[in-house]
Amino acid sequence: MDKFIPLSVPNFNGNELKYLTDAVKTEWVSAGGAYVDRFEYEFAAYVNTETAVACQSGTAGLHLALILAGVEAGHEVIAPTLTFIAAVNPVRYLNAHPVFMDCDDSLCLDMAKLKKFCQDECHFIDNQLINKSTGRQIKAIVVVHIFGNMAHMEAVMDIAQAYNLKVIEDATEALGTYSLAGRYQGKYTGTIADIGVYSFNGNKIITTGGGGMLVSRDPGIMKRAKYLSTQAKDDAVYFRHNEIGYNYRMTNLQAALGVAQLEQLENFIAIKQQNYRIYQSRINNGLNGLKILTFRKDIRPNYWFYSLYIENPDKYSRKKIMESLAQDNIQTRPLWGLIHEQKPYLTNQAFMIEKAFSYYNRVVNLPCSSNLSAGDVDRVIKKISSL
């Protein structure tokens with residue numbers, strides 16, 4: 001059998017071992033050490049923010065972000081149904097309630113439906129947006145940049161301003177993506193809204209094995225994020241804690257990996273762009289009924305995932321494509337199960353979900369690692385062409 005081609009795996013061809021060895025030799029391996037500070041500083045410089053706060057995971061970052069946005073028990077938070085469930089679970093950690101929104105053709109939050117929901121399904125009273133059907137206050141929006149694409153941030157920020165909502169950018173899949181035009185030209189995903197969150201899980205464009213990062217243009221938010229992520233320690237000598245905190249600080253070993261990975265990020269993006277263009281050119285121009293989904297034209301994406309879209313479901317089935325490639329030792333995956341259909345969220349409100357169903361049934365994600373060779377790409381395309 002031919003070699004295994006994974007969906008998305010790390011690329012450790014830089015200074016990872018050097019920095020990890022250095023961290024071990026210093027004996028700073030836990031939630032402290034020079035590499036944590038360095039990673040935060042260099043990450044903030046990359047995305048052009050003043051500071052950044054490293055944490056244990058993207059999920060931990062989202063949990064902190066919701067707290068920092070003022071979300072409390074009984075509040076509602078608008079979130080996409082088409083995303084990984086980790087974008088929504090932290091809402092329930094706080095005993096708040098998600099309201100699910102559809103996607104548009106970027107796979108990101110449908111801003112027209114978001115606006116319609118706020119206008120038609122809510123009251124705006126005393127500077128609070130109140131859901132007519134539940135009577136609860138809507139406090140925030142979680143907007144997710146899917147697969148390295150970029151949600152329409154001008155629209156969501158206008159809506160948030162009109163209705164006094166906080167916006168949390170889930171940029172866990174979109175580190176390196178930035179706008180090329182408009183009000184936010186030059187701005188990276190994660191740096192536009194009130195708080196941005198990134199992930200360094202093993203399948204992300206750079207990885208620390210686990211880990212996440214928070215950014216915000218508000219220095220007060222960043223100071224509080226670091227405070228809460230380090231067990232809300234008010235006196236480090238006598239162990240005084242005036243609030244409930246969390247053990248969410250990134251370890252020095254993770255950060256050592258992160259520093260090495262960040263050094264290679266732009267090269268990773270260039271490789272992923274090159275492979276994406278090969279997939280797109282050969283599939284979109286050579287196979288009727290299939291296409292590679294495009295990214296928005298007014299952004300520089302990070303090309304994290306490559307999504308094969310089935311235009312003709314009578315000719316191709318998602319299941320057959322995935323099974324055929326698996327038989328050839330090629331890993332693929334479908335979109336996540338829509339969150340409003342997951343058992344823990346069946347009773348939550350879902351507003352005009354339509355397009356998400358179509359994409360869920362018709363998308364297969366193809367191998368996209370930054371160490372994917374031209375031969376690997378060719379083999380995947382040839383297998384798809386033979387179906």
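The numbers here are math on the coordinates, done by the rules we state, and not lab data. The structure presented is a predicted model; accordingly, all values stated were derived computationally and were not measured. Counting neighbours? That spans all protein chains shown, and the Cβs are built from the backbone with ideal geometry, glycine included.
How far, in nm, would the chain grow between residue 130 and residue 333 when pulled straight, counting 0.36 nm per residue and subtracting the alpha carbon separation?
Values: separation 203, 0.36 × 203 = 73.08 nm, distance 3.81 nm.
Taking 0.36 nm per residue and subtracting the Cα distance, the gain is 69.3 nm.
Considering only 137, 331, 342, the mean-square fluctuation computed in a Gaussian network model of the chain, springs between alpha carbons under 10 angstrom, is largest for 342.
Packing, taken as the mean count of other beta carbons within 10 Å per residue, orders the peptides 158-164, 368-374, 59-65 from highest to lowest as 59-65, 368-374, 158-164.
To the nearest 0.05, what FRET efficiency results for residue 319 and residue 235 with a Förster distance of 56 Å applied to their C-beta separation?
Numbers: r = 58 Å, r/R0 = 1.04.
E between residue 319 and residue 235, to the nearest 0.05, is 0.45.
Taking the inverse of the mean reciprocal distance over all distinct Cα pairs, the Kirkwood hydrodynamic radius of the range 16-263 comes to 18.4 Å. Look at where the Cα atoms of the range 71-107 and of the range 149-208 average out, and the two centres are 16 Å apart.
Working out 0.36 nm times the residue gap between residue 24 and residue 244, then minus their Cα-Cα distance, what length gain in nm do you get to one decimal? Intermediate values should be presented prior to the final figure.
Numbers: separation 220, 0.36 × 220 = 79.20 nm, distance 3.09 nm.
Roughly 76.1 nm would be gained on extension.
Once you have the Cα-Cα distance between residue 85 and residue 382, take 0.36 nm times their residue separation minus that, and quote the gain in nm to one decimal.
Working: separation 297, 0.36 × 297 = 106.92 nm, distance 3.30 nm.
Value of the extension gain: 103.6 nm.
Please work out the Cα center distance from the range 227-267 to the range 306-346, rounded to the nearest Å. If we compute the Cα centre of each part, the gap is 37 Å.
The mean sequence separation of alpha-carbon pairs under 8 Å and at least six residues apart, normalised by the residue count of the range 265-385, gives a relative contact order of 33 percent. For the range 87-158, the gyration tensor built on C-alpha atoms gives an oblate shape. Its axis ratio a/c (a ≥ b ≥ c) is at least 1.5, and a/b is not larger than b/c. Over the range 265-385, how many percent of alpha carbon pairs lie in each 10 Å bin up to the one with the longest distance? Values per bin, smallest distances first: 12, 40, 32, 14, 2.
Okay, helix-only estimate at 222 nm for the chain: each DSSP H run of n ≥ 4 adds -39500 (n - 2.57), divide by all residues, round to 500 deg cm²/dmol; what do you get?
Numbers: 12 runs with 137 residues, N = 387.
Helix contribution divided over all residues of the chain: -11000 deg cm²/dmol.
Working from label points 7 Å from Cα in the Cα-to-Cβ sense, the residue 72 to residue 217 distance is 2.7 nm. Based on DSSP loop calls and a cut-off of at most 11 other Cβ atoms within 10 Å, the longest stretch of the chain free of exposed GluC sites (Glu not before Pro) is what? Excluding the exposed sites themselves, the longest stretch runs over 28-242. Backbone geometry of the range 101-113 corresponds, through the Karplus equation with coefficients 6.51, -1.76 and 1.60 at θ = phi - 60°, to 3J(HN,Hα) couplings of 10, 6, 9, 9, 6, 7, 6, 8, 3, 6, 6, 5, 6 Hz, x marking Gly and Pro. Result for the chain in a Gaussian network model with C-alpha springs under 10 Å: among 200, 357, 239, the largest mean-square fluctuation is at 239.
3J(HN,Hα) couplings calculated from phi for the range 218-235 with the Karplus curve 6.51 cos²θ - 1.76 cosθ + 1.60 (θ = phi - 60°) are, in sequence order, 9, x, x, 5, 5, 4, 6, 4, 5, 4, 5, 6, 10, 6, 6, 8, 8, 9 Hz; Gly and Pro show x. Coupling constants for the range 368-373 follow from the phi torsions by the Karplus curve (6.51 cos²θ - 1.76 cosθ + 1.60, θ = phi - 60°), and in residue order they are 8, 4, 6, 9, 6, 8 Hz; glycine and proline get x. Counted over the range 200-278 with a bin width of 5 Å, the fraction of Cα pairs per bin, in whole percents, is 3, 13, 16, 16, 17, 14, 8, 6, 3, 2, 1, 0.
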